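> There's a structure below that I have some questions on.
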Amino acid sequence: MTQKFNAVPEFREVYAKPGARGPRKLDNIATEKTQRAPEQWVERVKKFTLGNEGDLVGIARLKPEWVFEGFDLEKELPWVVVIGVAMDFEKFAAAPSSDTDTRSALEVSDKYNKGARAAAALSNWVRGHGYNARPHAGPWAGSITLSPAAIEAGLGELGDHGNLINDQYGSCFRLAAVSTDMPLVADSRREFGVDDYCMHCEACNNACPVGAIKTEKQWVRGTRKYYVDFDKCLPYFNETHGCGICLGICPWSRPGVAEKLILRMAKRRRSDD
């Protein structure tokens, strides 16, 4: 994908512009730790994140299964602050991108950059208080996988298309994160009806041009969940600079729709009870 992405001048420039992804080098960690209760740090971390390019923020205790082989972050940096950055729906929903219509791919790239800046800013803020912090941002693979962390941090539920669905932005957002040893408190997972909704909605299934999405859940590494056939998905994904059809077509992603769907699913659950 990188070779094809770089073949388009607009794409080559998006990540290369000075400052596009924040500082290249993090600040030194302050020699003295600021002492506060974990609950107070949570309040300040979230306030800082939302005031510095983040649109969503949640906290989870880092689990070893989220860390890629060769890294050992959960011992050194046991907490992860997950950051969500909202995308412009109209631009994003123009997916799939092509060499002549780059709107969707450029919007995704722009928000990955924004997430990188938000993660770098938070990392430097944490380090300024005497604690270690390390930013994690897409689109390249890093040391941890962010979607499971985001679910644990309360940012959303897993949708049939294999991505998070948030109760405000649907799937029209990108993730970044900061791992840290600052003492924090984990948020709780949240369920607001996505799982039930996806079982009766086939929008992403029908829209996928290669049939990579199925309504039925599958067992994946000991967990029964929605699964995307990446052997079918990735070739088309690469040809279209990241595709994104399934996320743009998802009803939850349309501005103002998620709140209505949550009310509908709550009403359905009450009637079932």
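The values are calculated or read from the model by the stated rules, or taken from the named source; none is laboratory data. Bear in mind that the values here come from a model prediction, so they are computed numbers and not experimental data. Positions of Cβ are generated from backbone atoms using ideal geometry, with glycine treated the same way; all protein chains shown enter the neighbour counts.
> When residues of the range 233-242 are filtered for being of a type in the set (D, E, K, R) and either surrounded by fewer than 11 Cβ atoms within 10 Å (Cβ to Cβ) or within 18 Å of G159 (Cα to Cα) (or both), how many remain?
Residues in the range 233-242 being of a type in the set (D, E, K, R) and either surrounded by fewer than 11 Cβ atoms within 10 Å (Cβ to Cβ) or within 18 Å of G159 (Cα to Cα) (or both): 0 in total.
> May I pose another question? Where residues in the range 108-147 are among the aromatic types (F, W, Y) and in contact (Cβ under 8 Å) with a residue 40 or more places away in the chain, which of them is surrounded by the most Cβ atoms within 10 Å (Cβ to Cβ)?
Looking at residues that are among the aromatic types (F, W, Y) and in contact (Cβ under 8 Å) with a residue 40 or more places away in the chain, I get Y112.
> Search the range 203-228 for residues being among the hydrophobic types (A, V, I, L, M, F, W, C) and either surrounded by fewer than 13 Cβ atoms within 10 Å (Cβ to Cβ) or assigned to a strand (DSSP E or B) (or both), and hand back the single one that is farthest from the chain's Cα centre (by Cα).
Start the filter on the range 203-228 by keeping residues that are among the hydrophobic types (A, V, I, L, M, F, W, C), which leaves 203-204, 207-208, 210, 212-213, 219-220, 228.
Next, only the ones that are either surrounded by fewer than 13 Cβ atoms within 10 Å (Cβ to Cβ) or assigned to a strand (DSSP E or B) (or both) stay: 213, 219-220, 228.
Details: I213: 19, W219: 23, V220: 20, V228: 17 Å.
Per the criteria, the residue is W219.
> Report yes if some residue within the range 85-107 is assigned to a helix (DSSP H, G or I), under 30 Å from K33 (Cα atoms) and either among the aromatic types (F, W, Y) or in contact (Cβ under 8 Å) with a residue 40 or more places away in the chain (or both); otherwise report no.
So far as the range 85-107 goes, no, none of its residues is assigned to a helix (DSSP H, G or I), under 30 Å from K33 (Cα atoms) and either among the aromatic types (F, W, Y) or in contact (Cβ under 8 Å) with a residue 40 or more places away in the chain (or both).
> Which of the following residues is assigned to a helix (DSSP H, G or I), touching a Leu at 6+ places or on another chain (Cβ under 9 Å), modelled with pLDDT of 95 or more and among the polar types (S, T, N, Q): N124, N113? I'd like the intermediate steps shown before the answer.
On the way: N113 fails: touching a Leu at 6+ places or on another chain (Cβ under 9 Å).
The unique qualifying residue is N124.
> Still on this structure, I have one more. Would a scan of the range 173-187 turn up a residue that is of a type in the set (S, T, Y), closer than 14 Å to G84 by Cα and within 18 Å of the chain's Cα centre (by Cα)?
The answer is no; no qualifying residue exists.
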